[in-house]
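The values are calculated or read from the model by the stated rules, or taken from the named source; none is laboratory data. Being a predicted model, the structure only gives us computed values, none of them experimental. Cβ placement follows ideal geometry from the backbone for every residue including glycine, while neighbour counts extend to all protein chains displayed. Side chains included, ligands, DNA and RNA excluded: accessible areas come from the protein's heavy atoms. Shrake-Rupley method; radii C 1.70, N 1.55, O 1.52, S 1.80 Å.
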Amino acid sequence: MNQIPEALDRVGRIVGDARTNTREFRVILDDTSYLAVDDLVVVISDIPGLNDPLTTYGVVTESESTYEGVTYETDVRRIADSGVLPAELIRTATVAITRMIPEIWTAPLAGQVVHRATGVQRDLALYVDDMGRKMPVGLAPDGSPIFLDLDFFDGTKGGHMSISGVSGVATKTTYAFFFIRMLTGARHLRENVDKYDVVGDSLHNTRVLVFNVKGQDLLWLDTDNADFTDVDEAGWTTLGITPTPFQLVTRDASISDLKPGIPTVSFWSPPQDGTPEDLALPQADRMGVSPFYWTPREFINSGLLSYVFTDASDSRNQLQFLLERIQSQLQRWAVDLVEGNGAVVLRHPNEHEFIEGKRVAVAPRSGEITINSLDSLKDGIRYFIDPDEIEPHPDWVGSIERGTILAFIRRLEAASRTNRLGQLVRAGSKMSVDRDLATVTVVDIHSLHELAQRFVVGALLKETFEEKEETGLRTPLSVVVLDEMNKYAPIQGESPIKDMLIDIAQRGRSLGVLLIGAQQSASRVAPDVLENASIRVTGRLDSAESERSQYGWMLPSTRARAKLLKPGTMVLGQPAVPLPVVLKFPRTPWATRGEERLAPSSEELFSGLDSSLSEDIE
């Protein structure tokens, strides 16, 4: 008979008053033992007819206690208080079966001894031995690592991650960055293949694009967390990571100053309103943030006009036909100015000059339309599609009715205002977001109008996806972290951004474009996006939301528990493990909001000042 190693603790036996099956069984606990929800157990049964013992693994889904021998509810007083009635206190646990070795699905035998699964037996219960490339993504209740099969995230067998939960307490964004830190900042070794690094050089060269949509919380990733404790540090050490904030990188930073093994981060923010072209200050309230915008030439070449029209209603009328026609004509007519600042002039294609197949930059003629901002682009388009005293240019409008033309102009007029998209398209030095500058690129859009937020998200997603399509290479990977997924890919309606996200969800993993989407309600996200996520993570759920079909991958007991989860506790679902696993992750060493920043010393406060100024202060 197969013997359980003595190092494993016996906790009880399988009960005999109820039938066991291949889904679950109940355990009556020994007087000196206990089982808590999420604990793992192992049972060995000698099944008649099988040559080898059957090893059954399971996870505790419920714990119960009762008096055996009680007839009425009031009997408990006579038993517990005075001991008048004879009864025995029994404790039981319900176990959901996760695995059987060998894979012969037959019920474990009643009366068999149940042990707590630890060490190698615990890894077998969680299929760790079957994971091609395991990476720690959290801690179990006993403090041991919980692993993820990386093949199901990086596109090898599957891709994408979906994180759901109530805003503020589900720690969705915090877990996303914890996962990114594990992915980009450590070498996780596979012991049985000569210490082979399961992450690999391709993942160490991964580029992560993050959109900051709530306050300036993500602009402190390079700042120490004042609430970080020794207990948190021990958790990171268990996971194989030296806990440090990300390293800040700017356009002017020297690479030689960076420390090896620590992922880098760059911050980007829209320019302030009213700043001149040569001094585009960012809107963020901290140092080290670079401004970003698109020049008219970049706007036209990339076909970004479609992302100005991102409302779902815009796709249900003739606006899209007119939009496509105008984008085509802009690319035909636009010629660079000799100043070389990204401004263009609209000139008939028959008058363009070429040298070796390239358009020659020109100086504007008198009366020609010069485009150096979104507002002037609006005026230029209007000149061709709705002039004051002449007929519209047929190349620009075709046979489209004037009502559609006026609707287009109204939308473009509203979008070009300074408090919407106006400051994002301007002539000047190249200030587009450089995603190759750092490991993690954080683009701050929280202060923008909703229309401008959609434009920035759509434009950068388009740039990322098309770049991978051109190279045709899956590695290095491009990871996109997008909060409020239900806003950009809602279950109803159509928009260019939704189409792009669906395309990434369906084809992205083969191209190396991976999506980490976060939302309060998975039920409000387009099914084409949600269903393509191989990895599901959930924090605390709203009671009504937890009953939705989108959480069918969770056990009923796990759904009930998800309503009570504390910040820092998540439920993980992955194809490599058939049942959801509850895990915790340690507090991050970087600040997740401004209030968590570690206050700098007085020396650091004055480190950037001129010495004469510090003397004046004294």
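Go through segment 474-567 and tell me which helices (runs of 4 or more DSSP H), entirely inside it, have 3 or more residues that are out of contact with any Lys or Arg (no Cβ under 8 Å at 6 or more places or on another chain) and open to solvent by 10 Å² or more (accessible area, probe 1.4 Å).
496-511, 527-530, 556-562
With the requirement that a residue be part of a loop (DSSP other than H, G, I, E, B) and either acidic (Asp, Glu) or free of Cβ contacts under 8 Å to residues at least 40 places away in the same chain (or both), what does segment 137-165 give you?
Narrowing segment 137-165 to residues part of a loop (DSSP other than H, G, I, E, B): 140-144, 153, 155-158, 160, 165.
Of everything in segment 137-165, those that are part of a loop (DSSP other than H, G, I, E, B) and either acidic (Asp, Glu) or free of Cβ contacts under 8 Å to residues at least 40 places away in the same chain (or both) turn out to be ASP142, THR156.
Testing GLU469 on (1) of a type in the set (Asp, Glu); (2) assigned by TED's automatic domain parsing to the domain that holds GLN272; (3) more than 24 Å from the chain's Cα centre (by Cα), one condition comes back false. Which one is that?
(3)
Checking HIS449 against (1) surrounded by fewer than 22 Cβ atoms within 10 Å (Cβ to Cβ); (2) under 17 Å from the mean Cα position of the chain (by Cα); (3) on the phi < 0 side of the Ramachandran plot: exactly one of these is not met. Which one?
Among (1) surrounded by fewer than 22 Cβ atoms within 10 Å (Cβ to Cβ); (2) under 17 Å from the mean Cα position of the chain (by Cα); (3) on the phi < 0 side of the Ramachandran plot, the lone unmet condition for HIS449 is (2).
Looking only at segment 108-125, count how many residues are in a loop (DSSP other than H, G, I, E, B) and either of a type outside the set (A, V, I, L, M) or at pLDDT 95 or above (or both). Step through it out loud before you land on a result.
So in segment 108-125, the residues in a loop (DSSP other than H, G, I, E, B) come out as 108-112, 117-119.
Filter once more, so that each one left must be either of a type outside the set (A, V, I, L, M) or at pLDDT 95 or above (or both): 108, 111-112, 118-119.
Qualifying residue count for the region: 5.
Could you tell me which residue of segment 209-245 is most open to solvent (accessible area, probe 1.4 Å), considering only residues that are among the hydrophobic types (A, V, I, L, M, F, W, C), farther than 17 Å from GLY138 by Cβ and out of contact with any helix residue (DSSP H, G or I) (no Cβ under 8 Å at 6 or more places or on another chain)?
Here is the first cut: in segment 209-245, the residues among the hydrophobic types (A, V, I, L, M, F, W, C) are 209-211, 213, 218-221, 226, 228, 231, 234, 236, 239, 241.
From what is left, the residues that are farther than 17 Å from GLY138 by Cβ are 209-211, 213, 218-221, 226, 228.
Right, trim to out of contact with any helix residue (DSSP H, G or I) (no Cβ under 8 Å at 6 or more places or on another chain) and you get 219, 228.
Working: LEU219: 0, PHE228: 52 Å².
In this case the residue turns out to be PHE228.
Any residue in segment 601-617 that is outside any loop (DSSP other than H, G, I, E, B) and modelled with pLDDT of 90 or more?
Quick first cut of segment 601-617, residues outside any loop (DSSP other than H, G, I, E, B) only: 602-605, 611-617.
Remaining after also requiring modelled with pLDDT of 90 or more: none.
The answer is no, given that none of the residues of segment 601-617 is outside any loop (DSSP other than H, G, I, E, B) and modelled with pLDDT of 90 or more.
From the residues in segment 116-159 that are open to solvent by 30 Å² or more (accessible area, probe 1.4 Å) and in contact with an Asp or Glu (Cβ under 7 Å, 6 or more places away or on another chain), which one is farthest from THR94 (Cα to Cα)?
LYS157
What do you reckon, is VAL27 in a strand (DSSP E or B), open to solvent by less than 50 Å² (accessible area, probe 1.4 Å), modelled with pLDDT of 95 or more and out of contact with any Leu (no Cβ under 8 Å at 6 or more places or on another chain)? Walk me through how you get there before you give the answer.
Working: in a strand (DSSP E or B): yes; open to solvent by less than 50 Å² (accessible area, probe 1.4 Å): yes; modelled with pLDDT of 95 or more: yes; out of contact with any Leu (no Cβ under 8 Å at 6 or more places or on another chain): no.
Answer is no for this residue.
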